[in-house]
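Any read-out appearing in this document is the output of simple, stated calculations on the displayed coordinates, not a laboratory observation. A quick note: this is a predicted structure, and the numbers were derived from the prediction, not measured. No Cβ is skipped: glycine too gets one built from the backbone with ideal geometry, and neighbour counts run over all protein chains shown.
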Amino acid sequence: MTVKKAIESIEGNNKYHLEDIELYNEILKKYEELKKTDPPHSDLVEKMQRIFLDMVTMIKKSKETQIQFNNAIIKILTQREELVVQDKVNGRRNQVRKLFLEGYSQKEIAQKVGSSLSTVEKDLNAIRKNIH
């Protein structure tokens, strides 16, 4: 699975958790309204409702925690992908720098590193900017 696909999957998971949270919020709201208009008729019913509401609240909090966890995973995956890309760019630029210092033309460098001529030109411009 690619990083992009993993992130899409996690974001889809978050969407379902958010939908569940909205449903739990509706349930909690309706129970609060019901409690005002039609209070429980016995201690047992009141205790059962409290247990139910506590369970719904617990599940809702669990979903919220899962979203926070998922967002942290997305952040880690995104940072990792950025580091991998940057590492590839740095590796290629090191090769370009070395070959350029050895006297190869930009076209020859492009062939040796397997990049386009415009990429080699951009790499050399970036290398020059870092030197000055």
Helix 3-37 vs. the chain, principal-axis angle (Cα, 0 to 90°, nearest 10)
20
Which residue, chosen from L83, M1, N25, occupies the Cα position most advanced towards the positive end of the dipole of the chain, where the dipole is computed from +1 (Lys, Arg) and -1 (Asp, Glu) charges on Cβ about the Cα centre?
L83
Could you work out how far helix 117-131 tilts from the main Cα principal axis of the chain, as a 0 to 90 degree angle to the nearest 10?
90
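For K29 and E11, compute 0.36 nm times the residue count separating them, minus their Cα-Cα distance, and round to one decimal in nm. Each step should come with its number before you reach the end.
On the way: separation 18, 0.36 × 18 = 6.48 nm, distance 2.68 nm.
Extra length from K29 to E11 when fully extended: 3.8 nm.
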Simple spin-label estimate for Q106/V89, 7 Å along Cα→Cβ, in nm, reads 1.9
Any idea what the dipole of the chain comes to, in debye rounded to 20, about its Cα centre with Lys/Arg Cβ at +1 and Asp/Glu Cβ at -1?
920
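At 0.36 nm per residue, and after removing the present C-alpha to C-alpha distance, how many nm does the segment from E82 to D54 gain when stretched out fully?
Working: separation 28, 0.36 × 28 = 10.08 nm, distance 4.20 nm.
Length gained between E82 and D54: 5.9 nm.
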May I ask you to evaluate 6.51 cos²θ - 1.76 cosθ + 1.60, the Karplus curve with θ = phi - 60°, for each residue of segment 90-98 and list the ³J(HN,Hα) values in order in whole Hz, giving x for glycine and proline?
4, x, 5, 5, 4, 5, 4, 4, 4
Computed from these coordinates, which is Rg/Rh (Cα atoms, Kirkwood Rh): (i) 0.99; (ii) 1.44; (iii) 0.93?
(ii)
